[in-house]
């Protein structure tokens, strides 16, 4: 019970007075403030649906290419060495699995941030 209370108090710092906040609403501010659990939860919220679907691991490289190209689809397809239609098909699959639109700039920023965290040294070691 003490851990639950501590978690609630820790999350309260990210809530706006008078607003009812969901965990998803406070996740980004937690991650950006350096909260390791918030960073892990952000990464997991985006990558887990891909990793747990059939062929989902193959969808991570298109997201990486999109992030590296500033979400410019033509450049991302060229980086991957695939046709633009193939990239669009993969993007549609990613959107279906995550229920988040890759046309939404805020979602694109979340992907970039999540991949930034994953690429940091010692990321996997901190997950244990």
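Only the coordinates and a few stated rules stand behind these numbers; no lab work does. The structure displayed is predicted, hence computed values, not measured ones. Positions of Cβ are backbone-derived with ideal geometry, glycine not excepted, and every protein chain shown enters the neighbour counts.
Key figures for this structure:
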item: Long-range tail of P(r) for the range 23-127 (Cα pairs > 17 Å, %); result: 52 percent
item: Segment residue 88-residue 122, length gained on full extension (0.36 nm per residue, minus Cα span); result: 9.0 nm
item: Taking 51, 100 and counting other C-beta atoms within 10 Å, the order from fewest to most; result: 51, 100
